[in-house]
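Notes to accompany the following structure.
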Amino acid sequence: MYVAVKGGEQAIANAHQLLGDRRRGDRELAELSVEQIQEQLRLAVDRVMSEASLFDPELAALALKQASGDTIEAVFLLRAYRTTLPRLAVSEPVDTSAMRIERRISATYKDIPGGQILGPTYDYTHRLLDFMQLAEGEIPTPARAEQALESCPQILELLNAEGLIEREADDGSEPYDITRDPPDYPVDRAARLQMLARGDEGYLLSLAYSTQRGYGRNHPFAGEIRIGQVEVEIFVEEFGERICIGEIPVSECQMINQFGGSREVAPQFTRGYGLSFGHNERKTMAMALVDRALRAEELGEPVNSPAQQAEFVLAHADSVEASGFVSHLKLPHYVDFQSELELLRRLRRAHAASQKAASDEEVI
Amino acid sequence: MNRSVLPRPDLERPALLDVHNVSRLYGPDKGCQEINFRLHAGEVLGIVGESGSGKSTLLRVLAGLEAPDAGHVAYHSANDDTLDLYAISEARRRALLRLEWGLIHQNPRDGLRMGVSAGANIGERLMALGQRHYGQLRAAGQDWMGQVELDPGRIDDAPRTFSGGMQQRLQIARTLVTRPRLVFMDEPTGGLDVSVQARLLDMIRTLVRQLGLSVVLVTHDLAVARLLSHRLLVMRRSRVVEAGLTDQILDDPQHAYTQLLVSSVLTP
Amino acid sequence: MNGYNFAYLDEQTKRMIRRALLKAVAIPGYQVPFGGREMPMPYGWGTGGMQLTASILGSDDVLKVIDQGADDTTNAVSIRAFFQRVAGVETTTATTSASVIQTRHRIPEAALSHGQILVFQVPIPEPLRFIEPSEQETRLMHALEEYGVMHVKLYEDIARYGHIATTYAYPVKVDDRYVMDPSPIPKFDNPKLHMNEALMLFGAGREKRLYAIPPYTRVESLDFEDHPFEIQAWDECCALCGSETSYLDEVITDDAGNRMFVCSDTDYCMTRRGEVA
């Protein structure tokens, strides 16, 4: 006799207990601390903060721990937490020209004012497994420049002074807030950049790659990539001025792309822009390429590749939305499946009947 | 070739389209500018010129798909209103395109719904008008397949299983099924083999005659223009350089460019 | 629950959603964009319905949550537990005792009454989406009532199968104006949308859209004159309560493929069997 499955509550509780157990793993080994994750899995922490749109390294590390290292699950945890936070103030735009630089490179000039600063990078490492780390060897203290860095002007500003690149100035308008308002396509560039900034890195990387392989090619040069600390300021009414509430690390990428221009405007390089929390170079480069691809229509270029189609790119960029909807297929669908079964059986009966009628006719 | 079978345009009724000083430019002399003409009910107007002359831009402006930079287009609607095409709402314009007009694209794939059967393609405009009887939709589909010389037995086949010429016939059936008052055709025989073209042209000509269609036809092919149109506009570098009755223009071109066009076509 | 507002969402957000709901009620069947928030459950698992429920829930409400018609499916259990935790409201499995019912994929068999609110979880709110992928274009099509293409799909079904082959999420026209996706309920439930006494609210969290059918609204399932809309029927009756009119789930009972049919609405079935749910 069939008995409707009861006790879903208990099953769920048991499943969660088992999950906790698997997360902890072998009890003989020391438990991983949130501090360790925050210090030693920095790039994962930075990625989670960027895609969750919340700067909080400790909570991002906690999310990674709770998610057993599953980045997308960690992003989701932190995003769900973020949505419950009150909005106390809105910061002034950060000034990345005043960044305290840790890494800064340009692919467009050999030597630049302020110099090329490699900083911590996987570039030029030979991708050989370092068995020393298996043995937990000591890491030597890095060499650091003794004098303070020279000032590092933005490379694109140098082009701007000559009028060689399109100007981009703050028009003072209130930017669209994707965390408060539903997307209303077509969205403007401010909304687009916000959506790309929290977009899944893997997805943006693939789209960016597709533009390089010819699907919406836009001839990019890495004008400048800079990573370092920027000050976050808020304007306090009571004081009548801005005050700095702290520093956060960010990565910024400015791509220089092939010309636009019209009868009125002389030919100029165009821009693609990427920015993210922490050290997230690959993400910002991909973002800048996709940003530029999405400007095709605005710049009068044909729109015929996936990376250029704003609704397609933006509506599918968010890993929280995407993973939720894909995973919802695990929910019961047996009512709808029953509907399909019923129809399919009916159609097959009708089909069989008509086949039989046809063969009877042949016999006659 | 017997041209007298094309019925005469109806000059008694108000003109269908009045085009005043229409301009739409993308660059110097790219697009169309200072276009003026009037289209009467039952008239077939050919717009000829080589590629880049601006004739397709003009067609898009006339069909309500692209707003002109200057000038206006007046359409005399079925309920006797005169509508300024770009002063009315987009909703009204799209309703016109759906209910009173037809647009036949050069590439039938642009005008057909490639994912659904021939019958659904023909039925779509009727359904948009509120036709809700499956049997009647199907009968109309079969009837129109016959009229455009397609096998009505293939009503459930997908357009992709049809040849290019057959797809074009299907697009024509899909467009004409609602008896539009005004039809825009953009190079309807372009991209087809010469032998296929000739049969298709013959069929279009028959339909135009039987249904008394009013047509704005864009083509680079003077032979097509000669066969189908009462009147011609010759375009070059965004402007109309010569206008008049088809026979007059083709037999006795006045403008140097038209003379060049006519002489470059081998007369059979 | 400590640290969270009543029913999880902050009051500002709830007010924003209620304003959007008022608009939805004023324009039946019209999809109202709203500033959807992340919920602590995945998108696609009912976050839209949950945000609506959270916004309308008061401390004296009695909440019922069903998934596939049943109160005891895992997702229903999970959502009900969530609201017990964050709102502390009374919950029930009895359709008639509930003031708010959140549902996924079913409308209860028992008739709803005036004053009750049914909240649907919606995955894809746009009925035109599978014909026209662009949101810009579909919004325009709704504005202009360009709905001919909906019948193209139905035509195609009949041409191919001899029947309209849409069995769930069957499109409806609301108050003779907007074509609407009733969420993936089986078409069996479509007639219950028509002139229902209850207020029906639809929330799509991921797509950030909500819409409504106010009480006593005409709701018509799209069809052809000569192929009228029909609902599913079974040769069997419910093996537990004997109902011949309810929507049945098929249950495979052994390896030999033997099966039985039982009501998908567990409360309805138990009430008929005289059991207390």
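Taken together, the values in this text are just the output of simple stated rules run on the coordinates, not laboratory data. Computed from a predicted structure; not experimentally measured. Note: ideal-geometry Cβ built from the backbone for every residue, glycine included; neighbour counts use all protein chains shown.
Structural remarks
- Dipole magnitude of chain A, debye to nearest 20 (Cβ charges: Lys/Arg +1, Asp/Glu -1, about Cα centre): 1360 debye
- Among the residues of A:76-83, the average count of other protein chain beta-carbon atoms within 10 Å of the residue beta-carbon is 4.
- Linear extension gain, A:Asp26 paired with A:Glu157, 0.36 nm per residue minus alpha-carbon span: 41.7 nm
- Pairwise label distance in nanometres, C:Ser97 with A:Val90, each label 7 Å out on the Cα-Cβ vector: 4.8 nm
- Placing +1 on each Lys and Arg Cβ and -1 on each Asp and Glu Cβ, with no other charges, gives the protein assembly as shown a dipole about its Cα centre of roughly 1920 debye.
- Degrees, to the nearest 10: A:71-82 long Cα axis against longest axis of chain A: 80 degrees
- Computed P(r) (all Cα pairs; segment C:233-277; 5 Å bins; percent): 5, 25, 30, 19, 14, 6, 1
- Two-decimal log10 I(q)/I(0) for segment C:76-183, as the Debye equation yields it once each C-alpha is a single scatterer, q = 0.15, 0.17, 0.22, 0.23 Å⁻¹: -0.82, -0.93, -1.18, -1.24
- Inter-part distance where segment C:216-265 and segment A:104-157 are each reduced to a Cα centre, Å: 67 Å
- Listed residues B:Leu25, B:Trp101, B:Leu85: farthest to the positive end of the dipole of segment B:1-145 (Cβ charges): B:Trp101
- Cα gyration tensor of chain C - equivalent ellipsoid semi-axes, whole Å, descending: 28, 27, 16
- Values of log10 I(q)/I(0), in the order q = 0.12, 0.16, 0.20, 0.22 Å⁻¹, for segment B:2-80 under a Debye, Cα-only, solvent-free model: -0.39, -0.66, -0.92, -1.03
- This ranking places A:Phe277, C:Phe224 by how few other beta-carbon atoms lie within 10 Å of each, fewest first, which gives C:Phe224, A:Phe277.
- Viscosity 1.567 mPa s, temperature 4 °C, Stokes-Einstein D of chain B from Kirkwood C-alpha radius, µm²/s: 68 µm²/s
- Inter-label distance, nm, simple model (7 Å from Cα along the C-beta direction), A:Phe259/B:Ala67: 3.1 nm
- Ordered by the count of other Cβ atoms within 10 Å of each Cβ, fewest first, A:Phe239, B:Phe162, C:Phe34 give A:Phe239, B:Phe162, C:Phe34.
- Segment C:233-277: relative contact order as a whole-number percent, Cα under 8 Å and 6+ apart: 35 percent
- Listed residue (B:Leu228, A:Tyr273, C:Ile131) projecting farthest to the positive dipole end of the protein assembly as shown, Cβ model: B:Leu228
- B:Asp247-B:Tyr26 FRET efficiency (beta carbon distance; Förster radius 22 Å; 0.05 resolution): 0.05
- Taking 26 Å as the straight-line reach from the Cα of C:Lys192, the lysines in range (excluding those fewer than 8 positions away in the same chain) are C:Lys23, C:Lys64, C:Lys153, C:Lys173, C:Lys208.
- Label zone at A:Asp70 (point 7 Å along Cα-to-Cβ), backbone N below 14 Å, segment A:290-323: A:320-323
- Estimated FRET transfer efficiency (C:Val62, A:Ile245; beta-carbon r; R0 45 Å; 0.05): 0.50
- Straight-line cross-link partners of B:Lys30 among the lysines, defined as a Cα under 18 Å from its Cα and at least 8 positions apart when in the same chain: B:Lys55.
- Of the residues A:Phe55, A:Pro140, A:Leu128, the one whose Cα sits farthest towards the positive end of the charge dipole of segment A:30-179 is A:Leu128 (charges of +1 on Lys and Arg Cβ, -1 on Asp and Glu Cβ, taken about the Cα centre).
- Once both labels are positioned 7 Å from their Cα atoms along Cα-to-Cβ, the gap between A:Gln212 and B:Arg160 label points is 3.3 nm.
- Cβ crowding within 10 Å averaged over residues, with A:110-116, B:209-215, A:125-131, C:107-113 ranked highest first: C:107-113, B:209-215, A:110-116, A:125-131
- If only the Cβ of Lys and Arg carry +1 and only the Cβ of Asp and Glu carry -1, the dipole of segment A:13-82 around its Cα centre is close to 200 debye.
- Note on segment C:7-101: Rg/Rh from C-alpha atoms, Kirkwood Rh, equals 0.95.
- Evaluating kT/(6 pi eta Rh) at 37 °C and 0.692 mPa s, with the Kirkwood radius of segment A:13-82 over Cα pairs in the Stokes-Einstein relation, gives 268 µm² s⁻¹.
- Estimated 222 nm signal from helices in chain A, with DSSP H stretches of n ≥ 4 weighted -39500 (n - 2.57), rounded to 500: -12500 deg cm²/dmol
- With the gyration tensor restricted to C-alpha atoms of chain A, the semi-axes of the equivalent ellipsoid amount to 45, 32, 22 Å, longest first.
- Restricted to Cα atoms, segment B:110-179 shows a radius of gyration and a Dmax of 10.6, 31 angstrom.
- Note on A:Glu361/C:Ala165: beta-carbon distance plugged into 1/(1 + (r/R0)^6) with R0 of 25 Å gives a FRET efficiency of 0.40.
- Applying the Karplus relation 6.51 cos²θ - 1.76 cosθ + 1.60 with θ = phi - 60° to segment A:345-358 yields 3J(HN,Hα) values of 5, 5, 5, 5, 4, 5, 5, 4, 4, 6, 4, 5, 4, 5 Hz, where x marks Gly and Pro.
- For segment B:54-124 versus segment B:213-259, the gap between their alpha-carbon centres in whole angstrom: 22 Å
- Kyte-Doolittle at least -0.5, axis length at least 24 Å by Cα - qualifying DSSP helices, chain B: B:194-211
- Sorted by Cβ neighbour density within 10 Å, fewest at the top, the residues C:Glu137, A:Glu73, A:Glu136: A:Glu136, C:Glu137, A:Glu73
- For C:98-110, mean number of other protein chain Cβ atoms within 10 Å: 1
- Note on the protein assembly as shown: the C-alpha convex hull projects to 51.6 nm² when averaged across all orientations.
- Per-residue mean of C-beta atoms belonging to partner chains within 10 Å, peptide B:125-136: 5
- Computed from Cα atoms alone, the Kirkwood hydrodynamic radius reported for segment B:153-268 is 15.7 Å.
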